[in-house]
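*Asks:* Take this structure first; my questions come after.
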Amino acid sequence: MQRLTRWIAAHPLYCMAVVALLSLLAFVTVYDLHDGRLRLKIDPTIERLLPEKGEDRAVFERARETFGDSDAVLVAVAMDGVFTPEGIARIDELTRRFGELPGVRQASSLANAPNPLAKGDMLEISTFGAQASEDPERVKAFPAEIAANPIYRDALVSKDGRTVAFSISLGDLSEEDFRKQDYTGKIRQLAREVSGAEQIWITGGPVIKAATVDALLDTLAFTLPAVLVLIVLMLLLVSRSVYGMLAGAATVLISLLWTMASAVLLDIPINLVTAIVPPLLLTLGLSYAVHLQADYYAVKEQSAEARVLHVLSKVGPGLVLSGATTVAGFLALMPQALPAIQQFAGLSALGVTFGMLLTLVFLPSALRLQRQNTVRRPLGERFFLMQARRLAVFDLRWRNWIIGIALLTVPIDLYFASRIHVGTEYIKSFHEDAEARRDFEQINQAFNGASIVSILIETHVNDALTDPELIAQVESLQHWLRRQPEVGSVVSYVDHLKLINQSLNEGDPAHYAVPREAAAVKQLLVFGGSSEIKRAIDSRFRSALLTVRINVDSSAQIQDLIQRVEERLHELKPPLNASLTGSPVLATRAVNAITSGQISSLALASFAIWVMLSFMFTSPRAALLAMLPNLLPVLLYFGILGISGISLNPTTSMIASIVLGIAVDDTIHFLARFNADARAKGNETAAVKSALASILRPVTFTVLSLCIGFLVFTGSELKNQVQFGVLASFTLFVAWFADILLTPALGSKLRIVTLWDLLRLDLGQSPQHTIPLLSGLSLRQARVFALMSKMEKMHEGGRLIRHGDLSRDIYVVVDGTLEAWIDRGGERKTLATLGRGAVIGEAGYFGQRRTANVDAVTPARVLRFDSQDLERLRLRYPRIAAIIFRNLNRVQAERIARTTAMLQ
């Protein structure tokens, strides 16, 4: 690692050239130079967020393959004089014009809806429009006929008779072309030209998806520049250098470019979840750049290379560990079954990795090339030093109270967290003034439902659905559905069948029934059905589709309906096998699948970060301590969800794991600095003060950057992204507050040994074999003991122990030569020459005064430890402590034996 940092510091041009080449390749990957467009895909489709091989997805595909896509564009036009010959003519003209639009397969309305009429023994299938054209007087009968028809009632015209509905089914027109060519605007303009109406509302799956894509693009168009402005301002504040700002901004933008190139190569689209990735990565990359530059410009060395070496050795390990914990937080979301969450987790983890590597390689190299590296007084240095001293005094004085209050919040947060509800509101995620939301709500109100779900009935037996007994079960299901408060209407082939039977019997209401014989049923369906019936039953009469219009949008309400419907479907007798499907159903299942994995994702993230910290801190207990100040803000976050009523939805469900991975970075920085200062100063109280003074400024700047970066999401048109920004920012602020209060209080009595310390510590060759006190330990265990102790350097002639002093410290000579001597009548009498491995001062450990002076004959290094160090060792590393106590007793016994032998 040290060789690598030295190479980076010495070869900045090589590092920047490699980064430039990779960036050029990434740019060509993301941007199509031939077509002049981005290769990134935009995909707002809810059903594609589900697992490709899931049963829900399979049912949806079978229903669409057999009966066509039910996700049509719905248009509602407020017109005067609907039930007049002129009104029907305008409706007919508008329907025809809708059908002539490129990419439209069919347009349906009151004008071209079939209205069977019996003429003698024949059944004439004509439309309302044709009948109005042939006999204008018949228009007067249309309202009654429509009201008596369960298929058309509240579907073609609103209850007040003033609003007409049009259904536009798309053919091979893709969702992307529908959006790019602004079909919503074209349909609205066409409706206004033909009808002359001003009140026109448009909704449906394609419209909502197009509006969602536009909202996502508008969000990115706002958040990305806003975060870039934030990057420029924060880097200017930290570096106080235009060059430093440009270097930091370039680092962040390159990491985003590499991430987007990875998305293209991995075929990951920008969808409702992955749209968060670009601004999120910019914000995280900014925090890394701010942290490194805060240390770089505070270094006193004048040489740029010396600065880079100092910063990489000082900040590098912390940044690597910080990036690793953040990656662990993202990867904890990977076990989720939903592709969208997996794509978000993988893409974010890649982006964080790129950002961390570029911050450690590209940014120092760019700063290394800066012509003027004048040392500037860091912005706010005096203010933060003053506040750090006050915080340290406060944390140490009120240590027990801080810990107690923090623990007291746990059951309170858990209580409120138990009140969290799962779900999301699809249309209400748009702003209240959004056209897509306003149109949906108007149509939903006018026609008692604007969302369509379907029930696919499959028997796998030809002609099974012509059996009157099975038809009775389907009809009973329809009656039950119509009684549900969320259901506006239900249409099935049974309704078509009864209407055909009634029409063939001169419209007699008594014949609005199902024939008693299967043969008669089949005859009616074959010879009396129109093209519309093909969307309700297949040609072999083995599968049917019930179309259910619902008037709710909340996933929680839809889930309640789904649960009741599925319980009712289980009551159907064989061979009927029914499944609920449709875009609202798939979306609700996606939400439930995302949020149901919340606990497992958070637990996995916590465990992964704990294992990582245990490895780095070489102690599970120290790792747990580092986790606690960051788990508490996460618990508070869930408590806030319960108090505020904000639901746990696809975006808010990711905050806990993300924030946990990010927030633990500040704890790591404090504990690492506290550990180094405690070892250097030999005083934990002083180490708390110096550690806070060192990390408060950069940590505050990074948290400020992150919070403002997340708050940028409040400019989104989508409510779920606004909630994500506000809640993530709030939770990070609470985590920062816990890190400057709770972490020092918890860590003030803990000595930490990091893996980096172990790798850097030099105890000479084979200390476990050449130092008797370390006999029986492994090399790692010997280093752990040394790091739990205090390494002290001595200059030639320096005094280690003074005769007659009362002190309990014990010393072990690591290298160099020391001499023990006493003064006898003004004459120096040498008692022993002490070299590597010698134990000095063990008598003082047992309460005796020092019996001799000990001076350094040559420059030397010694390990100093006392009873408190040994007690900490016993608590955290009992196996190592047992061996040290054994060896210490052996050293004492050998010394007593030698003294006894001399007396004899």
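Bear in mind these aren't lab numbers, they're just calculated from the coordinates by the rules spelled out. Everything numeric here is computed off the predicted structure, so don't read it as measured data. Virtual Cβ from ideal backbone geometry, glycine too; neighbours counted across all protein chains shown.
*Asks:* Ranked from highest to lowest mean number of other Cβ atoms within 10 Å per residue, what is the order of the peptides 881-889, 497-505?
*Replies:* Working: 881-889: 16.7, 497-505: 20.9.
The densest-packed peptide leads the list: 497-505, 881-889.
*Asks:* Rank-order 206-217, 183-194, 75-86 by packing density, defined as the average count of other C-beta atoms within 10 Å over each peptide's residues, highest first. Could the numbers behind the result be given before it?
*Replies:* Working: 206-217: 22.2, 183-194: 17.2, 75-86: 18.8.
Highest-to-lowest ranking by the protection proxy: 206-217, 75-86, 183-194.
*Asks:* Tell me the angle of helix 878-903 to the major Cα principal axis of the chain, expressed in degrees between 0 and 90 and rounded to the nearest ten.
*Replies:* Here the helix axis deviates by roughly 10 degrees.
*Asks:* Still on this structure, please answer the following. Packing-wise, with mean Cβ within 10 Å as the measure, how do 394-401, 284-291 rank, highest first?
*Replies:* Peptide ranking by packing, descending: 284-291, 394-401.
*Asks:* Here's something else I'd like to know. Based only on Cα atoms, what Rg/Rh ratio does the chain have, Rh being taken as Kirkwood's radius?
*Replies:* Numbers: Rg = 37.8 Å, Rh = 32.8 Å.
Radius of gyration relative to Kirkwood radius: 1.15.
*Asks:* What is the chain's relative contact order, in percent, from Cα pairs under 8 angstrom and six or more apart in sequence?
*Replies:* Details: 1554 pairs, mean separation 123.9, N = 904.
Relative contact order, the chain: 14 percent.
*Asks:* Using just the Cα positions, wrap region 69-211 in a convex hull and report its mean projected area in square nanometres, one decimal place. Write down the numbers at each step before the final one.
*Replies:* Values: hull surface 35.9 nm².
Mean orientational projected area (region 69-211, Cα hull): 9.0 nm².
*Asks:* Compute the acute angle (0 to 90°) between the alpha-carbon long axis of helix 85-99 and the principal axis of greatest extent of the alpha-carbon atoms of the chain; round to the nearest 10°.
*Replies:* Relative to the chain, helix 85-99 is tipped by roughly 50 degrees.
*Asks:* Can you compute the helix-only [θ] at 222 nm over the chain? Use -39500 (n - 2.57) per DSSP H run of at least 4 residues, normalise by all residues, nearest 500 deg cm²/dmol.
*Replies:* Details: 32 runs with 529 residues, N = 904.
Only helices count here, giving -19500 deg cm²/dmol.
*Asks:* Note the angle between two axes, namely the Cα long axis of helix 493-504 and the longest principal axis of the Cα atoms of the chain, as a number of degrees from 0 to 90, rounded to the nearest 10.
*Replies:* Taking Cα atoms only, the helix is inclined about 10 degrees.
*Asks:* What do you get for Rg/Rh of region 432-585 when both radii come from the Cα atoms and Rh is the Kirkwood radius?
*Replies:* Values: Rg = 16.7 Å, Rh = 16.5 Å.
Looking at region 432-585, the ratio lands at 1.01.
*Asks:* Could you tell me which of the pairs 159/180; 209/498; 159/498; 41/719; 534/573 are separated by over 28 angstrom between their Cα atoms in the structure shown? Don't skip to the end; give the middle numbers.
*Replies:* Values: 159/180 35 Å; 209/498 36 Å; 159/498 23 Å; 41/719 23 Å; 534/573 24 Å.
Among 159/180; 209/498; 159/498; 41/719; 534/573, the Cα-Cα distance tops 28 Å for 159/180; 209/498.
*Asks:* Considering the dipole of region 761-903 built from charges on the beta carbon (Lys and Arg +1, Asp and Glu -1) around the Cα centre, which of 772, 812, 822 is farthest to its positive end?
*Replies:* It is 772, whose Cα lies furthest towards the positive end.
*Asks:* Still on this structure: Roughly how big is the chain's charge dipole about its Cα centre, with Cβ charges of +1 (Lys, Arg) and -1 (Asp, Glu), in debye to the nearest 20? Intermediate values should be presented prior to the final figure.
*Replies:* Values: 90 positive and 85 negative charges, 1318 e Å.
Taking the Cα centre of the chain as origin, the dipole is about 6320 debye.
*Asks:* Looking at the chain only, what percent of DSSP beta bridges run antiparallel? Nearest 5 please. Numbers along the way, then the final one.
*Replies:* Working: 69 of 71 bridges.
In the chain, DSSP labels about 95 percent of beta bridges as antiparallel.
*Asks:* Related question: Can you bin region 347-449 into rounded, prolate or oblate? Criterion: square roots of the alpha carbon gyration tensor eigenvalues sorted a ≥ b ≥ c, rounded for a/c under 1.5, prolate for a/b above b/c, oblate for the rest.
*Replies:* Taking the square roots of the gyration eigenvalues as a ≥ b ≥ c, region 347-449 is oblate.
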